[in-house]
Amino acid sequence: MVLLGIDIGTTATKVIAIDAEGRLLAETERPSALRSPQPGWAEEDAEEWWTNVCAAVPACLRSAQVNAEEVAAVGVSGMTPALVLLDAQGRVVRPSIQQNDARAVKEIEEFRSRTEEKDILQRTGSAITQQSIGPKLLWLRRHEPETMAQAVRVMGSYDFIAHRLTGAFSIERNWALESGLFDLHTEDWDDELLALSTISRTWLAAPRWPAEIVGEVTKDAADDTGLKAGTPVVAGSADHVASAFSAGLKAGGDLLVKLGGAGDILYCVSEPIIDARLFLDYHVIPGLYLVNGCMAASGSIIKWFRNAFAPETDYAALDAEAAALPPGAEGLVLLPYFLGEKTPLHDPLARGTVVGLTLSHTRAHLFRAILEGIGYGFYHHLEVLAERGLRATRARVTNGGARSMLWKQITADVLGLPLEQIARHPGSSLGAAFVAGMGVGAFRRWEEIERYIQIEGVVEPNLTNHARYREFFHLYRAIYEALKDVYPRLAGLAS
């Protein structure tokens, strides 16, 4: 029996094949492009995701040396809550608007002024922020009326792929919850918020649990992907939730730091924790929740820096240059708000900022300041959790950045936590494949995910460096507080 997991990520579409005994058979990926046509915008081409799926699935099956008849089920994960619009014929009407897009500033303020913020927070589990779907839909209604005139469906990234595979319309519960349009207590769409967003219930499918089978691969999708028609497809999961689960977060106090294109930090709890500074997610395991911090940009800043200032240099060389410098990058502090900031600030007008530059600083100083600034962003979340009495009992680190020993070490030093690294962790795609297995009965217990997890080492924090970084963290916070009223003026001049 083979299970397939597809992950629609910010920088790549990934496909993984596993068996039910704990073996990873093969994985493939195809690159995808994040576009920012205007400051604060973040968009992707949903058709590119589908093209990638159609190429990566058969490549994965070939690499695993299995045929389509052996695939028992497919699960999909993806960025949340990306916004994809379809017309009546199921065609994509514009590029997706990503979860870290910061264009709907005025609409966010309008939502806040026309509702009771504390009430909305309690109803939906989330504050009204740049991640919220409603303000983005309102922005589209005002700025792209021709788009909204065509649209009849709204969904997320992985819901779109599930639709292309099956022809069915579904929305997984975490997209619903993070959209800000879903009532956590009634477990239904909120009509007041839908009206403010200028859409009706007909635009949205009923929310489904991750392991629910939403349909079967159609003949057309089978022709496109090489899968067998009739293969079950489950609702899937938000990428960060699937990744947290596949990293072993399954008990209260478990913490995961994801060093990806955006920075995620997730904390497992048995009861919902509602805090305006953080997001709340359903765990894939019923009865558990994840308190979720998500920074709008982290690894994407590293990629931007290399492409803009060191295109002929590989990341290992940049790491080596930065590793030779002391903690604090000799007086540089970077605020990683290159796409505004999501949690815990919820400030779409914040901007990337470097303080302390002198003529003695080099690209190595800037590169180290980026890694440290991202670490300060993670530490800011630990402070918020500590205010709620939540402290990590175990911490793990995953995603592409975990391949960098320097980035891992700086993160451990800033957080002051030992970070367990998972060997060859494929991330969200593994979680999606396991969820598919639960959907068709390949597994009986969620704890069986442990078959796929192997800890290859622990990055111990240097506590002397941690004390030093705490001093810089206080400056990091003070810089934002000093500039938070300047950023809107700067944005106004730029536009």
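The values are calculated or read from the model by the stated rules, or taken from the named source; none is laboratory data. Note that the coordinates shown come from a computational prediction; the quantities given were computed from them, not determined experimentally. Cβ atoms come from the backbone with ideal geometry, glycine included; neighbour counts cover every protein chain shown.
Some notes on this structure:
- Cβ separations smaller than 7 Å between residues 6+ apart or across chains give the following pairs from the range 18-40 residues that are more than 28 Å from Ser96 (Cβ to Cβ) to residues that are in a loop (DSSP other than H, G, I, E, B) and of a type outside the set (A, V, I, L, M, F, W, C): Leu24/Pro426.
- Flag for Val74 being farther than 26 Å from Met295 by Cα and under 21 Å from the mean Cα position of the chain (by Cα): yes
- Checking each residue in the range 27-77 for being part of a strand (DSSP E or B), farther than 15 Å from Met1 by Cβ and not acidic (Asp, Glu) picks out Thr28, Arg30, Pro31, Arg35, Val76, Ser77.
- Residue among Gly356, Gly340, Gly299 that alone is closer than 18 Å to Phe473 by Cα and either in contact (Cβ under 8 Å) with a residue 12 or more places away in the chain or buried (at least 19 other Cβ atoms within 10 Å of the Cβ) (or both): Gly356
- Where Gly180 falls short, out of the listed (1) in contact with an Asp or Glu (Cβ under 7 Å, 6 or more places away or on another chain); (2) in contact (Cβ under 8 Å) with a residue 40 or more places away in the chain: (1)
- Filter pass, Leu184 being under 26 Å from Arg112 (Cα atoms), at pLDDT below 95 and either surrounded by fewer than 21 Cβ atoms within 10 Å (Cβ to Cβ) or among the β-branched types (Val, Ile, Thr) (or both): yes
Rundown of residues vs (1) touching a residue at least 24 places away in the same chain (Cβ under 8 Å); (2) assigned to a loop (DSSP other than H, G, I, E, B); (3) touching a strand residue (DSSP E or B) at 6+ places or on another chain (Cβ under 6 Å), yes/no style:
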position: Ile370; (1), (2), (3): yes, no, yes
position: Ala392; (1), (2), (3): yes, yes, yes
position: Ala402; (1), (2), (3): yes, no, yes
position: Leu406; (1), (2), (3): yes, no, no
position: Ile410; (1), (2), (3): yes, no, no
position: Asp413; (1), (2), (3): yes, no, no
position: Glu420; (1), (2), (3): yes, no, yes
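- Total residues in the range 422-451, condition part of a helix (DSSP H, G or I), among the hydrophobic types (A, V, I, L, M, F, W, C) and out of contact with any Ser or Thr (no Cβ under 7 Å at 6 or more places or on another chain): 4
- When Ser200, Ser179 are checked against the criterion of being closer than 26 Å to Asp275 by Cα and of a type outside the set (A, V, I, L, M), Ser179 stands alone in meeting it.
- In the range 296-305 there is at least one residue matching the filter, namely being out of contact with any helix residue (DSSP H, G or I) (no Cβ under 7 Å at 6 or more places or on another chain) and farther than 22 Å from Asp239 by Cα.
- The residue that is modelled with the lowest pLDDT, among those in the range 335-358 that are of a type in the set (A, V, I, L, M, F, W, C) and closer than 12 Å to Cys294 by Cβ, is Leu339.
- Strands (runs of 3 or more DSSP E) within the range 128-245 that include 1 or more residues touching a Phe, Trp or Tyr at 6+ places or on another chain (Cβ under 7 Å): 153-155
- For Glu383, the conditions (1) under 20 Å from Leu259 (Cα atoms); (2) charged (D, E, K, R); (3) modelled with pLDDT of 95 or more; (4) in a loop (DSSP other than H, G, I, E, B) all hold with the exception of (4).
- Count of the range 117-139 residues which are among the hydrophobic types (A, V, I, L, M, F, W, C) and out of contact with any Leu (no Cβ under 8 Å at 6 or more places or on another chain): 3
- Ala350 vs. criteria surrounded by 21 or more Cβ atoms within 10 Å (Cβ to Cβ) and assigned to a loop (DSSP other than H, G, I, E, B): yes
- Tabulated pairs, the range 53-80, first farther than 18 Å from Lys219 by Cα, second aromatic (Phe, Trp, Tyr) and crowded, with 18+ Cβ neighbours inside 10 Å, C-beta under 6 angstrom, 6+ apart or interchain: Val76/Tyr158; Ser77/Tyr158; Gly78/Tyr158; Thr80/Trp175
- Failed item, numbered, when Cys268 is tested on (1) of a type in the set (A, V, I, L, M, F, W, C); (2) buried (at least 20 other Cβ atoms within 10 Å of the Cβ); (3) over 20 Å from Arg391 (Cβ atoms): (3)
- If the condition is being of a type outside the set (Lys, Arg) and surrounded by 16 or more Cβ atoms within 10 Å (Cβ to Cβ), then the range 463-474 contributes Asn465, His466, Tyr469, Phe472, Phe473.
- Meets criteria (surrounded by fewer than 18 Cβ atoms within 10 Å (Cβ to Cβ), assigned by TED's automatic domain parsing to the domain that holds Val15 and not polar (S, T, N, Q)) for Ala56: no
- Selection status of Ser132, buried (at least 19 other Cβ atoms within 10 Å of the Cβ) and touching a strand residue (DSSP E or B) at 6+ places or on another chain (Cβ under 8 Å): no
- Checking Arg35, Arg62, Arg23 one by one, the residue that is closer than 13 Å to Ala433 by Cβ, of a type outside the set (A, V, I, L, M) and surrounded by fewer than 17 Cβ atoms within 10 Å (Cβ to Cβ) is Arg23 and no other.
- Selection from the range 1-26 of residues that are in a loop (DSSP other than H, G, I, E, B) and of a type in the set (Asp, Glu): Glu21
- Screening the candidates Ala242, Ala205, Ala222 for the property of being among the aliphatic types (A, V, I, L, M) and either closer than 26 Å to His425 by Cβ or at pLDDT below 95 (or both) yields one hit, Ala242.
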